[in-house]
Amino acid sequence: MNKLPHHVFTYIRKHFREGYFRNIESVRDKDGHLLFRAKIYENEIIHHLEFNAQGRLLKHETEPVFEEDYYEGGFYGEE
C-alpha cells in the first residue's frame, strides 16, 4: 500500500475520535488516479471514506453495522 497522505489521518482523527479502522487500502481508478479507501466503525455505523492522493475527501457513505429487523405486526404472540 502507498503511504497515506497526512490530510487523511488529520480528517479521520478530527471526525472519528471514537471510531476504529476496519480496513484501509489504496486503489487506482479507471483513469489511473490513486485513491485511498477507508472503512471506519463508530457508534454502530460503518463509514466508507474515499480520498484522493492529496488527502481530500471525495466520498463518504454510511451503513448500519446491523441491519434493522423488519417485522410487520405487533410483538410475537400478539394478534
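The values are calculated or read from the model by the stated rules, or taken from the named source; none is laboratory data. Keep in mind it's a predicted model, so treat the numbers as computed, not measured. Surface areas here come from the heavy atoms of the whole protein model, side chains and all, with no ligands, DNA or RNA. Shrake-Rupley method; radii C 1.70, N 1.55, O 1.52, S 1.80 Å.
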Study note, to complete from the structure: Sorted by accessible surface (1.4 Å probe, heavy atoms of the protein chains only), largest first, T62, T10 come out as T62, T10
Check your understanding: Can you pull the accessible area of R13 for me, 1.4 Å probe, Å² to the nearest 10?
Key -> 150
